[in-house]
Amino acid sequence: MSATLPRTPRRIGAARRLEPYAYVAPTAALMIVLMLVPIAMVIGYSFLDNVILNKDPEVVGLDNYIEVITDPVFGTAIANTLVFVTASVAAHLLIGLAFAMMLNSRLLGPRVLAAFRGIFILPWLFTAAIVAVLWRMLLSPNGVVNYLLGALGFGDGTTEWLSDPGLALGSVTFINIWSGYPFFMISLLAGLQGIPADLYEAAKVDGAGPIQRFWNVTIPQLKPIIISMALLDFIWTSQQFALIWMTTGGGPIVATEMLSTYTYKLAFAKYEFALASTSAVLILLLSMVLAVLYVRHQRARD
Amino acid sequence: MSRSTRGRRTALTAVGAMTAAAAVLMTAGCSADSGDADGDVTIEFAQWWEPELPEGALRSIMDDFEAANPGITVELISGPYASTKEQLFAGAASGTMPDVVGLDGAWVSDFAKQGAIADLTSLMNEQGMDDSKLASQIQIDGATYMIPVVNFVYPLFVNTDLLSEAGIDQVPSTRTEFETAAKAITDLGSGASGWVLPLSLEAPNGIQNDVMSWNWASGGSMLTDSGQPDVTNADVASTVEYVKSLWDDGVIAAGSFTMKEQDKVEEFTNGRVGMMIDSLSHINLIQENNPDLNFDIAAIPAEDGYDGSRGIPYASWGIGVADGSDHQAEALKLVEYLMSADVNSELSTIANAFPGNVDSTPEFGDGKELFEKAFEIYQSGYPANEFTGLPVSEELMRQFDTELQKYLSGDESVDEMLSTVQDSWTAEF
Amino acid sequence: MTIQTSRRPGVSRGTRTNLARLALLLGLVAGATFAFAPVLWMLSSSFKPNTQIFEFPPRLVTEAFSFDAYARILTDPEKVRFFLNSYIVAGAVTLLTLLVAILAAYAFSRFEFPFKRPLNVVIVSVQAVPPITLLIPYFGLMVTLGLYNTYPGLILTYMVFTLPYAIIMMTGYFNTLPRELDEAVRVDGAGSWTALWRVLVPISVPGIVSVGVYTFMIAWNEYLFALTLTKTTDMRTVPIGIQLLMGQHSYEWNEMMAMSILGSIPVLVLFLFFQRFFIGGLASGAVKS
């Protein structure tokens, strides 16, 4: 941080130029063989007519794209996915940050905090199928949640959290928030460790209170991590499938139909693999926009 | 400078070694295939039955088969029911479908169309297998693709305690009687509902078992004589209108729109619903979980005044042979073995199901009387499941389900509902 | 009386700390309730017979409390094998992902090279393809490569899914570290390899651990590809074992719950062990090694 060292002189030999490639080589090898090849196949499928079922599929150009984009359910799925994802990411960030800040406090003994750390990470330890089954039990009309709310005098204890078209999206989002925040919490907790203590000292000397220190030191320091995580969480949450499928199956009616459930049904319920691939490519394109923005942002920051 | 070069070289070497290791890892996988040097054959049998049956039961049947057919080894590949279809579909797409596959009637048409499963009619002819004892065969365009090994019928279950508490002394046999009984049970105010209707869109088979069954029980159909969709007919309309009237009466247990078959049976077992249409295979489960529950089974109520024979819905564990299998002869031997009278009796006994061989007689243990009663109902009526063998039949149920949910919610009228379904079904056929 | 008065300034500072401590504790307890209550119900259900799980009004502990479900799982060699497989796969994925990601992140953080940006876009966006649509091409690819039903097949698959996140996060951590740190070493004549492993990696331990925990969780909980890319029972993992308890007609509710509790305990222990890295802090000792 102190004296700037002279920049490394330009000793650009062949080895030096190749060096970064050597470092990314294992990643590149894996990603090309196991990611880009299958993705290329999916993109290829999206221009064919009913691939897989059809032994000799024909090229149909953009027909599949037109069919998917004009399907009103696809529009509903985009809208639901946006609500679900935006609410989930925002809540993950807020809860994750709040928990990380509390766990990072020095006001309580390390053992107490260690215990809480263990508890706070719990929701993350379970596979999506179990999370879905568990919450179906909790939220069923005869479940614990209704019982407790009834006992406390809220509502009449017969709320259909998952089966009421007006409530289902909110309930599913809530479940996803519960199961996903520890990921933010852990990364932010790690990020908090990386903030040099002298920044806080300097702010204190300047007379900043805890709230100002939070806004002027903590947040700017965590910003790169927050942005990366928000982007990734956005992408991952938009593909959350198992949780939605196993709680509501996209219903009631189309209340929780997401891009992921929509695509799944095209592939494995209608066996329209070409249309499913098309939908996947459209999702890829939407995320690509996000990815480009993200890389731009990284670039601007450098 | 020299040190820096060394460092770089180390980097390059290490990274190179790792890339190579990854490459080795990628190619090192085993690809042992069936068929060894000594002429022995291993056939793979993929199904979801093994985890459903008592521990080790299916394996021991396979052991008997291997003993009776020296030179053939059976490898059981077991997966969860909910994912079996995807697995088979993916396997078929890449030419690695197991030799013998467990099938659900809802998938047959799609796998047959994909060319994934073999035409059993010609295979049976080639191998000289006698099909005269098979209770049923599922055919697509005149050729058999699936043989139901065992069948699970879906009669009406009634909680007799709740029924008599509600002052109803007879198990309902008509729709009007059923509605009266359902209302009386709900009106007890004990928190119990008259009926339970699982409409989850994840597994929309409630449409087949719990909705369309009402139609079949009154001799109705949802198809034309040539097998085309005909959901706008008066029988289907009266069925959904009846379900709607039960819905409006408030006699259906809460949570319908996301409820699954597995939830339905828990509600009944806990005495929270008076009546349900359910798989016979649940009898033991209910008795085990709640020995104090008094219940009975009956035919599904028919329209008032209907006296024809009643269709009773069923689901099957079907079996098929992979079209790409190198060992179709051996695969068919396994099919033949499972369909033989004794083995089929044994299998239906442990599965709590009805046999797929007409000569087989299952021995039901506990709950014997109920099974025998069900068998009477089954024989006095006819097995009805019009979804079996239809293209994308699960999707057909889902489309019906979605529109039914709209109709029940009051978002559309019965005519709108049925004509929407008719259009979307016609598009799939 | 007098003593108290004389202490007043001190007391008020102490009171403020105590109030803050109380508020913090309240916040932690509220958070813990949110996190733990559903898990408590899972625990409770794992000790009940199947009927009582659905009884109304619900009870936390019933007279039929028993460890039967746990005993059934732990005495079933097939299910124990699921756990073993999950450890092997998740462990290998974690180590390999960290190794490969650290290298790539180093390149992204410290070097300028052509294709850096497009590569970055690719790494971020490939994750956006719904895995379900990759299933069929992927399956074919694995069969072709001879990796179907093998550990390497599953391990490499999970690495592809975990690498993007690991690289992005590690790049982020490396970016927060001043370039002067490693450049100082390089001015001394050491190569980039040394700078990475001797300087950057030791400082980044909290980041590495958090990425490692994430990687482990993904590999541990993944279901779809585990099911598709394996076929024999001796290759299946815990999530498949749990799904096998969800039958066509009925679920083994208590065994499902018990199995996922059993599955989570080792992960929790692992986390509790590694969490000391989250509280070490940047400056303390890490640089010294």
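For every residue, the table says whether it meets (1) more than 30 Å from A:T218 (Cα to Cα); (2) charged (D, E, K, R); (3) away from chain B (no Cβ under 14 Å); (4) under 17 Å from the mean Cα position of the chain (by Cα).
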position: A:V89; (1), (2), (3), (4): no, no, yes, yes
position: A:L97; (1), (2), (3), (4): no, no, yes, yes
position: A:M101; (1), (2), (3), (4): no, no, yes, no
position: A:G109; (1), (2), (3), (4): no, no, yes, no
position: A:V112; (1), (2), (3), (4): no, no, yes, no
position: A:F120; (1), (2), (3), (4): no, no, yes, no
position: A:I130; (1), (2), (3), (4): yes, no, no, no
position: A:L139; (1), (2), (3), (4): yes, no, no, no
position: A:G143; (1), (2), (3), (4): yes, no, no, no
Restricting to segment C:196-217, what's the tally of residues that are surrounded by 23 or more Cβ atoms within 10 Å (Cβ to Cβ) and within 12 Å of chain B (Cβ to nearest Cβ)? 1
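Among residues belonging to segment B:270-290 that are part of a loop (DSSP other than H, G, I, E, B) and over 19 Å from C:F56 (Cβ atoms), point out the one that is modelled with the lowest pLDDT. Can you show your working first?
Filtering segment B:270-290 down to residues part of a loop (DSSP other than H, G, I, E, B) leaves B:270-272, B:278-281, B:290.
Still in the list and also over 19 Å from C:F56 (Cβ atoms): B:278-281.
Details: B:D278: 93, B:S279: 90, B:L280: 87, B:S281: 83.
Checked segment B:270-290; the qualifying residue modelled with the lowest pLDDT is B:S281.
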Filter segment C:59-72 down to the residues that are buried (at least 18 other Cβ atoms within 10 Å of the Cβ) and either in contact with a Leu (Cβ under 6 Å, 6 or more places away or on another chain) or within 11 Å of chain B (Cβ to nearest Cβ) (or both) and list them by number. none
Are there any pairs, at least 6 apart or on different chains, whose C-beta atoms fall under 6 Å, with the first in segment B:80-98 and in the same structural domain as B:E330 (by TED's automatic domain parsing) and the second among the hydroxyl-bearing types (S, T, Y) and part of a helix (DSSP H, G or I), and if so, which? B:A90/C:T228
Over segment C:11-49, the set of residues within 14 Å of chain B (Cβ to nearest Cβ) and closer than 18 Å to A:P141 by Cα is C:S45
Condition first: of a type in the set (V, I, T) and closer than 20 Å to B:L156 by Cβ. Now tell me which residues in segment B:193-235 satisfy that. B:V196, B:I207, B:V211
All but one of (1) within 12 Å of B:P229 (Cα to Cα); (2) in contact with an Asp or Glu (Cβ under 8 Å, 6 or more places away or on another chain); (3) away from chain A (no Cβ under 11 Å) hold for B:M417; state the number of the condition that does not hold. (1)
Could you grab me the full set of residues in segment B:70-111 that are buried (at least 24 other Cβ atoms within 10 Å of the Cβ), more than 12 Å from chain C (Cβ to nearest Cβ) and part of a helix (DSSP H, G or I)? B:V108, B:D110, B:F111
Hand me the list of helices (runs of 4 or more DSSP H) wholly inside segment A:211-302 holding 3 or more residues that are surrounded by 23 or more Cβ atoms within 10 Å (Cβ to Cβ) and within 12 Å of chain B (Cβ to nearest Cβ). A:242-247, A:259-268
Specify which of the listed residues (A:L134, A:L93) is within 14 Å of chain B (Cβ to nearest Cβ), under 27 Å from the mean Cα position of the chain (by Cα) and of a type outside the set (S, T, N, Q). A:L134
Qualifying residues in segment B:260-294 (those that are within 7 Å of another protein chain (Cβ to nearest Cβ) and of a type in the set (A, V, I, L, M, F, W, C)) - the one surrounded by the fewest Cβ atoms within 10 Å (Cβ to Cβ): B:L285
Filter segment C:143-163 down to the residues that are at the interface with chain B (Cβ under 8 Å from one of its Cβ atoms), touching a residue at least 40 places away in the same chain (Cβ under 8 Å) and part of a helix (DSSP H, G or I), then identify the one that is surrounded by the fewest Cβ atoms within 10 Å (Cβ to Cβ). C:I155
Going by the structure shown, is C:M170 under 16 Å from C:L224 (Cα atoms) and more than 8 Å from chain B (Cβ to nearest Cβ)? no
Condition check for A:L113: surrounded by 15 or more Cβ atoms within 10 Å (Cβ to Cβ), out of contact with any Phe, Trp or Tyr (no Cβ under 9 Å at 6 or more places or on another chain) and either at pLDDT 85 or above or not assigned by TED's automatic domain parsing to the domain that holds A:Q239 (or both): yes
Number of positions in segment A:51-93 that are closer than 29 Å to B:G115 by Cβ and surrounded by fewer than 18 Cβ atoms within 10 Å (Cβ to Cβ): 14
Can you say whether B:G56 is over 24 Å from B:E346 (Cα atoms) and either at pLDDT below 50 or more than 7 Å from every other protein chain (Cβ to nearest Cβ) (or both), as far as the supplied structure shows? no
What residue, of B:K264, B:K244, is touching a strand residue (DSSP E or B) at 6+ places or on another chain (Cβ under 9 Å) and either among the basic types (K, R) or outside the structural domain of B:K406 (by TED's automatic domain parsing) (or both)? B:K264
Quick check on this structure: which one of B:A192, B:A181, B:A166 is more than 21 Å from B:L103 (Cα to Cα), modelled with pLDDT of 95 or more and of a type in the set (A, V, I, L, M, F, W, C)? B:A181
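Among the listed residues B:W216, B:W247, which satisfies the condition of being within 26 Å of B:E412 (Cα to Cα), within 14 Å of chain A (Cβ to nearest Cβ) and among the aromatic types (F, W, Y)? Give the steps one after another, and end with the answer.
Values: B:W216 fails: within 14 Å of chain A (Cβ to nearest Cβ).
Checking each option against the conditions leaves just B:W247.
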Considering only residues that are surrounded by fewer than 22 Cβ atoms within 10 Å (Cβ to Cβ) and β-branched (V, I, T), look in segment B:393-421 and name the one that is farthest from B:G105 (Cα to Cα). B:V414
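The values are calculated or read from the model by the stated rules, or taken from the named source; none is laboratory data. What you see is a predicted model, and the numbers here were worked out from it, not measured in a lab. Cβ: placed from backbone, ideal geometry, glycine included. Neighbour counts: every protein chain shown.
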